[in-house]
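The values are calculated or read from the model by the stated rules, or taken from the named source; none is laboratory data. Just so we're clear, the structure is a prediction, and the values are computed from it rather than from any experiment. Note that we place each Cβ from the backbone using ideal geometry, even for glycine, and neighbour counts take in every protein chain shown. SASA here: full protein model, heavy atoms, side chains in, ligands and nucleic acids out. Shrake-Rupley method; radii C 1.70, N 1.55, O 1.52, S 1.80 Å.
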Amino acid sequence: MRILSNDDIQKVLTAEECLDTLATAYRELSRGQGANRPRNHTYFPVKDDRWPGFGFRFKSQEGGNVSSGVWALRITSDMAGVETLPSGVQRRRLIPAAPGKRYVGLVTLYSLTTLEPLAILHDSFVQKMRVGATSALGIRELSREDATVAGMFGSGWQAEAHLETLLLVRPGIEEVRVYSPTSENRERFAATWSERTGRRIVPVSDRRDAVSGCQIVTCATAAMDPCFDGAWLDPGTHVTAITSPDGTATRRELDDTTFDRADRITVLSREQVHHDKQFDILGPVERGRLAWDDIRELGELLLGDAPGRTSPDDITVFANNTGMGVQFAAVCARALELAEREGLGHEVPTDWFLEETSP
């Protein structure tokens, strides 16, 4: 069995690999050639006096798809809570409470045929890239192909992955306007990514500037409250969000106006909408703006089984509304294959993990 660190994975796993493997996984999931258990968060009443208001949280998700040949179990053992920034904005935060001021996030892969555990991988780099690549697939399918200006909310690690994959699927983007509540962060992000991409990555101090005049608006934040007023959206805009209520926290990135103005709403998982009581997505249904059957999944869109944009003036929303085990199966199986070719990681005897009697 192979053990792979984030550094090992980062050496071989590209954004292009993530886009391709995830597109295949979502199609297979929609065809019944994949399976996924809804993500679960369990909060436990254990606190740490060093971080008032933060407590233990265990998160798990699992799934697999035929082409990957694996079943994946992803877990995180977290110290989780909400912090208030100097600007007054609240965001979710995970504390590096493990020894050495580190985090605990692991993906275990199991063979679908021999049953044996194949690998244990760090989850952080995969986590970052699979979210960004998933959002980019939604942008590719739903945004206008002639888009030249995009808005970005967020200037952290998720925003990095979202910007990289956005430019892969919409290479015609000439300018990206970046807003985040801390001016130093957005200015540093803009300077770094302007140099990396050769595009105009512009920090903006007014949220509206990252919406008005933008044909694509992406939210890649840890926000607790909506990032902008949906009344600011121009006709024809595509909007992406990665945060919805998760059953334990009511955080969201998009307001009711954005959802109500949408001509097309696509989600990653319809099942997760009900599992987590994602009232932001359900709002237009409850208010009679859309029928539940009008909200479709990304996999259906990729297969051509669900309608996408029907007019240049359509406002479209892709709610990247959950993490899925099938994502980790697809991306981690590919990372393992590439790492094995390069001889990366550490090997331990698989026999250590096999038993002679029935579990």
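General remarks:
- Amide H contacts of ARG252 (H built 1.01 Å from N, in plane; Pro and chain starts excluded): ASP225 sit under 5 Å, all sequence-distant by 5 or more or on other chains.
- Note that segment 128-254 shows a convex hull volume over its alpha carbon atoms of 97 Å³ per residue.
- Test item: Cα-centred dipole of the chain, Lys/Arg +1 and Asp/Glu -1 on Cβ, debye: 640 debye
- Per residue solvent-accessible surface (Å²) - segment 1-152, probe of 1.4 Å: 46 Å²
- Descending principal axes extents, segment 180-315, alpha-carbon based, whole Å: 43, 36, 27
- For the chain, the C-alpha radius of gyration sits at 0.98 times the compact-globule guess of 2.2 N^0.38 Å, with N the residue count.
- Using the Karplus relation 6.51 cos²θ - 1.76 cosθ + 1.60 with θ = phi - 60°, the per-residue 3J(HN,Hα) values for segment 270-285 come to 5, 4, 5, 4, 7, 4, 9, 6, 7, 5, 5, 6, 6, x, x, 5 Hz, with x marking Gly and Pro.
- Å² per residue, accessible surface of segment 166-298 at 1.4 Å: 41 Å²
- Heavy-atom accessible surface of segment 161-313: percent carbon and sulfur, 1.4 Å: 43 percent
- Spatial separation of Cα centroids for segment 296-343 and segment 207-238, in angstrom: 22 Å
- Computed 3J(HN,Hα) for segment 68-74, one whole-Hz value per residue from the Karplus formula 6.51 cos²θ - 1.76 cosθ + 1.60 where θ = phi - 60°, is 6, x, 9, 10, 10, 10, 10, glycine and proline marked x.
- Whole-number percent relative contact order across the chain, with pairs defined as alpha carbons under 8 Å at least 6 apart: 23 percent
- Cα long-axis angle, helix 15-31 against the chain (0 to 90 degrees, to the nearest 10): 80 degrees
- Farthest toward positive dipole pole in the chain [+1 Lys/Arg, -1 Asp/Glu at C-beta], among SER358, HIS346, GLY100: GLY100
- Segment 16-34 and segment 132-192 have their alpha-carbon centroids 23 Å apart.
- On Cα atoms only, tilt of 157-169 relative to the major axis of the chain in degrees: 70 degrees
- 3J(HN,Hα) along segment 344-359: 8, x, 10, 9, 10, x, 5, 4, 4, 10, 10, 10, 8, 10, 5, x Hz, from the Karplus curve 6.51 cos²θ - 1.76 cosθ + 1.60 with θ = phi - 60°, whole Hz, x for Gly and Pro.
- Percent carbon-and-sulfur accessible area, segment 1-107, ignoring ligands, DNA and RNA, probe 1.4 Å: 53 percent
- Estimated dipole of segment 212-313 in Debye, rounded to 20 [Cβ of Lys and Arg +1, of Asp and Glu -1, Cα centre]: 40 debye
- GNM result for the chain, Cα springs below 10 Å: residue of ALA25, ALA333, ALA97 fluctuating most strongly: ALA97
- Förster radius 35 Å - calculated FRET efficiency between ASP234 and THR197, Cβ distance, rounded to 0.05: 0.90
- Nearest-ten-degree value, helix 325-342 long axis tilted from longest Cα axis of the chain: 60 degrees
- Taking amide H as placed 1.01 Å from N in the peptide plane, the amide H of ASN321 sits under 5 Å from that of LEU268, SER269, each at least 5 places away or on another chain.
- Segment 1-94: trypsin sites (Lys or Arg not before Pro) falling in loop per DSSP and having at most 14 other Cβ within 10 Å: ARG50
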